[in-house]
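See below for the structure under consideration.
What follows is calculated from the coordinates using simple rules that are stated; it is not laboratory data. Everything numeric in this text was worked out from a predicted model, so none of it was measured. With ideal geometry, Cβ positions are generated from the backbone for all residues, glycine too; neighbour counts draw on all protein chains shown.
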Amino acid sequence: MKVILTQAVNGLGNPGDVVQVKDGYGRNYLLPRGIAVAWTQGGEKQSTQIKRAQKAREIRDVEHAKEVKAQLENLSVVLKVRAGEAGRLFGSVTAADIVLAVKQAGGPSLDKRAVSTKTHIKNVGKFKVVVRLHPAVEAGFTVEIVAL
């Protein structure tokens, strides 16, 4: 079975790659989880779009990753969210929220899958966030969560 990957899969390929997999693996694992879509003639166009979008988000090399790291570490990120009187949030802050806050603060666009925190952010305060920019480069910065 031929499939077009929409996400990176270890040992298989990167987003936009057309790969040949066993029928059961494709039908029972890759397709239901949205990791891949079935290959068709029109899917080739989708494959090139996925690769183009991935190229735009991708960090080119270690030097570029170090530049982005320096930019992130000098950035002041403040995220305004709804919170109760005791400073407890209604819900929690997600990686997508952090990526959006970085973009609004004038920082680079990041991949939300590369963002990680030590704990779930459910309170107002300052939290340490780590972004894996490249296999050899990680950037750490602080996000301040404030109540609306």
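Remarks
- All-pairs Cα distance distribution in the range 2-57, expressed in whole percent, bin size 10 Å: 27, 58, 15, 1
- The range 8-40 and the range 104-143 have Cα centres spaced 29 Å apart.
- Extension gain for the segment S92 to M1, taken as residue separation times 0.36 nm less the Cα-Cα distance, is 28.8 nm to one decimal.
- At R0 = 22 Å, FRET efficiency that the Cβ-Cβ distance of N14 and H120 yields, to 0.05: 0.15
- Relative intensity, log₁₀ I(q)/I(0), of the range 73-125 from a Debye sum that treats every alpha carbon as a point, q = 0.13, 0.21, 0.30 Å⁻¹: -0.33, -0.81, -1.26
- Mean Cβ neighbour count within 10 Å, used as a protection proxy, ranking 1-14, 36-49 highest first: 1-14, 36-49
- Net charge dipole, the range 62-147: roughly 280 debye, given to the nearest 20, about the Cα centre with Cβ charges of +1 for Lys and Arg and -1 for Asp and Glu.
- Between L148 and T48, full extension at 0.36 nm per residue minus the direct alpha carbon distance yields a gain of 31.8 nm.
- Size of electric dipole in the range 2-57: Cβ of Lys, Arg +1 and of Asp, Glu -1, about Cα centre, debye, nearest 20: 160 debye
- Length added when fully stretched, K22-Q71, from 0.36 nm per residue minus Cα-Cα: 13.3 nm
- Cα-derived Rg to Rh of the chain, Kirkwood definition: 1.07
- Each Lys and Arg Cβ is given +1 and each Asp and Glu Cβ -1; about its Cα centre, the range 1-113 then shows a dipole of about 260 debye.
- If R0 is 25 Å, the Cβ-Cβ spacing of V130 and L31 corresponds to a FRET efficiency of close to 0.20.
- Leading residue at positive end of dipole, the range 28-127 (Cβ point charges), from N74, G34, Q104: G34
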